Amino acid sequence: MLKSDLRGSGLNERTIEPKHSGINRLWVILTLLLIIMSFILVSFVVENFMGNVRMEDRGEHDDIFMTIVNSVIAAIGQYIGADGATVAFFLMFLIFSLIAYLFLKCLIMAVSCHKGNSIRMKILKDTKVPVCLCTEALKVWQMVLVHTAPFVLTYSLFIFLCIRYTANPVFTLTLVFLLFYMALDLTLVIYVLRFKMRETIDYISSEQHVYMLTLFSKTYIRARKKSRRKRRTGWR
């Protein structure tokens, strides 16, 4: 919903800037919890369900995905040497994964926004983290969806890769790196849900991700109008 339309409809508008210290503290805690949970999950599945499966039985030698990965590493090795080929591939894969995650979030966000040109890629001022934002105001469930759906899809994919290829260092380190970004999105979701529980919110807009939020509410205006009418009646 365009914010200009919401203002024209008479909705109450309030901009909130949560304390950065609280945001960053929650961000770090969520990142650490996700990393620990991921290692426990991967280790549990690998040890209990794949520990006795031989490499040949997994079919990794015929795996198309790993064949492509090894071919790319071999091609890079022709230019920079075999020692640095794996590191170079890891950096390339990491950057590609981050771009794919942001693109997925923008794609899901575009479905919720009324106009496609409302989607913006932005670098946050304080943290210098790239994020995808919608300049429109979204309903609370839409705001939660566009920040949890990319997390669920991306996280599930990398957990599968880590389990399928027995905690391959490239996939494992990429997952740890992405969790840093995904935890920030979950931090926003937690703040949005907290504001929703504390007060009535009809629409919410993210100006600087979780660092600046604009809340739009209908019921607050109605309640305030009723209170004004009561005061006027009593004065008479």
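What follows is calculated from the coordinates using simple rules that are stated; it is not laboratory data. All of these numbers come straight from a predicted model, not from anything done at the bench. Note that we place each Cβ from the backbone using ideal geometry, even for glycine, and neighbour counts take in every protein chain shown.
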Once normalised by the length of the range 3-230, the mean sequence separation of its alpha carbon contacts under 8 Å that are 6 or more apart gives a contact order in percent of 32
Counting only DSSP loop positions in the range 118-179, the trypsin sites (Lys or Arg not before Pro) whose Cβ has at most 12 other Cβ atoms within 10 Å are Lys125, Lys128
From the Cα centre of the range 121-184 to that of the range 92-109, the distance in Å is 8
In terms of the alpha carbon gyration tensor, root eigenvalues a ≥ b ≥ c, rounded if a/c is under 1.5 and otherwise prolate when a/b exceeds b/c or oblate, the range 70-114 is prolate
For the range 3-230, inverting the pair-averaged 1/r of distinct alpha-carbon atoms gives a Kirkwood value in Å of 20.2
Exposed-loop cut sites defined as GluC sites (Glu not before Pro) in DSSP loop states with at most 16 other Cβ within 10 angstrom; longest site-free run of the chain spans 1-198
Going through Lys3/Lys122; Lys139/Lys218; Lys3/Lys218; Lys128/Lys196; Lys19/Lys125 one by one, the pairs whose alpha carbons sit over 23 Å apart turn out to be Lys128/Lys196
Interchain or sequence-distant (5+) residues whose placed amide H lies within less than 5 Å of the amide H of Val129 are Leu124
Expected vector for the range 148-163, Karplus 3J(HN,Hα) from phi with 6.51, -1.76, 1.60 and θ = phi - 60°, integer Hz, x for Gly and Pro, equals 9, 4, x, 4, 4, 5, 5, 5, 4, 4, 6, 5, 4, 4, 5, 6
A correct Karplus calculation of ³J(HN,Hα) over the range 87-101, with 6.51 cos²θ - 1.76 cosθ + 1.60, θ = phi - 60°, whole Hz and x for Gly and Pro, returns 5, 5, 5, 4, 5, 5, 5, 5, 5, 4, 5, 5, 4, 5, 5
